[in-house]
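Asker: Below: one structure in structure tokens.
The values are calculated or read from the model by the stated rules, or taken from the named source; none is laboratory data. Since this is a predicted model, take the numbers as computed values, not measurements. Positions of Cβ are backbone-derived with ideal geometry, glycine not excepted, and every protein chain shown enters the neighbour counts.
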Amino acid sequence: MRDAAQLAIDAPAPVAARAAAVLADLLASAGIVVRRTGSAVLAWPNPELPFSREAWESERPLEEDPLALAFRRLHGDPARGGWDAPVDAVRRRVAEWARMERLRVAPCWPGAATCAVALVHEALAPERPRGGLRGALGRRRTDDPLVAYRRVAEAERAVGATGALRSADLLTPDEQAQVHALGLDLATGANVLIASRPGFGRGSAFPTRGYDRAAERVDAWVELPLLGAEPDPGLAALLEQGGGAALSVPIARFDGEEGEAAARAYADDLERLRALGAWLTTPEGLAAHLYAG
């Protein structure tokens, strides 16, 4: 079981709501769930995480108010750049604070995994044969229209993993049923938003909840960082820091003449990730584990 804690926030609105949302988010990545029924109460501000009203209203150094910096990075302008290191520094500070309060801070992933990687694929519309004489003449008799899906599913099955499929509406209902039967998860709901750019989004390797500034409340959806089609430098940080991220691997990579070789390389990559301690799951599985309840 993960630890549960309550938060006692002593700051004016709307800072209190924003700080509570950021703290709950950063604590979740350490396996600590914020609930009203939590036996421990974590009070903010405190000596480890001070409060500065000016820091919430303007650009200030990390030491002025680390939560203000984390909120600005996680929920501010995504074009700022320099996202991951500042927020990860705050995350470590929050984890240390929780540790000092005698709350358990340990990897929160199942099966003693040290990090988590959610596998997600962008769907590929199969090349369907045309009808009539033109279709008969141009039809490829030996090609399996779902061969790319079979290759990726086999690679994931070999390591006990399940990948999720985005844009499943590119497939007909019959094709969706066949792909699902292969083992791919089609349940990538609208409440999960994949970041639109390569690399770690929203400041770190961890999923984060959105924040509605107008209503001053946490959004229902969870945003997952996106790793690009090619190996991302952030993957090393993920493995080192014990975070969680989504690995985007387009189905199109496994199509065509080079698809079989790509599938073998993908299977090798998954085996290495698992050997390095990664929990291989779907985006929904990752977010549900971090934000249960």
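Asker: From (1) within 27 Å of W279 (Cβ to Cβ); (2) more than 19 Å from the chain's Cα centre (by Cα), pick out the condition that doesn't hold for A106.
Answerer: (2)
Asker: Which count do you get for residues in the stretch 21-65 that are farther than 25 Å from A116 by Cβ and either of a type in the set (V, I, T) or not in a helix (DSSP H, G or I) (or both)? Break it down stepwise before answering.
Answerer: We begin by selecting, within the stretch 21-65, every residue farther than 25 Å from A116 by Cβ; these are 36-37, 39, 41, 43-65.
The next check asks that each one be either of a type in the set (V, I, T) or not in a helix (DSSP H, G or I) (or both); those that pass are 36-37, 39, 41, 43-52, 58-65.
Total satisfying the criteria: 22.
Asker: Of the residues that sit in the stretch 220-253 and are buried (at least 20 other Cβ atoms within 10 Å of the Cβ) and touching a His at 6+ places or on another chain (Cβ under 7 Å), which one is modelled with the highest pLDDT?
Answerer: Taking the candidates together, the pick is I251.
Asker: From the residues in the stretch 9-30 that are among the aliphatic types (A, V, I, L, M) and in contact with a Phe, Trp or Tyr (Cβ under 7 Å, 6 or more places away or on another chain), which one is farthest from P45 (Cα to Cα)?
Answerer: Step one: of the stretch 9-30, the residues among the aliphatic types (A, V, I, L, M) are 9, 11, 13, 15-17, 19-24, 26-28, 30.
Then keep just the ones that are in contact with a Phe, Trp or Tyr (Cβ under 7 Å, 6 or more places away or on another chain); that gives 9, 11, 15, 19, 21-23, 28.
Details: I9: 7, A11: 8, V15: 11, A19: 10, A21: 14, V22: 13, L23: 11, A28: 19 Å.
The selected residue is A28.
Asker: Filter the stretch 66-88 down to the residues that are in a helix (DSSP H, G or I) and more than 19 Å from A21 (Cβ to Cβ), then identify the one that is modelled with the highest pLDDT. Before you say what the answer is, go through the steps one by one.
Answerer: Keep residues of the stretch 66-88 that are in a helix (DSSP H, G or I), which gives 66-75, 84-88.
Next, only the ones that are more than 19 Å from A21 (Cβ to Cβ) stay: 84-85.
Working: D84: 53, A85: 67.
Top of the filtered list is A85.
Asker: Only residues in the stretch 228-254 that are among the charged types (D, E, K, R) count as the first member; pair them with residues that are at pLDDT 75 or above, Cβ under 7 angstrom, at least 6 apart or cross-chain, and list the lot.
Answerer: R253/A262
Asker: Of everything in the stretch 167-192 that's surrounded by 16 or more Cβ atoms within 10 Å (Cβ to Cβ) and under 14 Å from the mean Cα position of the chain (by Cα), which residue is modelled with the lowest pLDDT?
Answerer: Out of the qualifying residues, it is T188.
Asker: I need the full set of residues from the stretch 201-210 which are at pLDDT 80 or above and surrounded by 20 or more Cβ atoms within 10 Å (Cβ to Cβ), in order please. Explain how you work it out, then say what you get.
Answerer: Step one: of the stretch 201-210, the residues at pLDDT 80 or above are 206-210.
Scanning the stretch 201-210 gives F206, P207, T208, R209.
Asker: Please tell me if A95 is assigned to a helix (DSSP H, G or I), at pLDDT 80 or above, of a type in the set (A, V, I, L, M, F, W, C) and not assigned by TED's automatic domain parsing to the domain that holds P173. Give the steps one after another, and end with the answer.
Answerer: On the way: assigned to a helix (DSSP H, G or I): yes; at pLDDT 80 or above: yes; of a type in the set (A, V, I, L, M, F, W, C): yes; not assigned by TED's automatic domain parsing to the domain that holds P173: yes.
Against the criterion (assigned to a helix (DSSP H, G or I), at pLDDT 80 or above, of a type in the set (A, V, I, L, M, F, W, C) and not assigned by TED's automatic domain parsing to the domain that holds P173), A95 qualifies.
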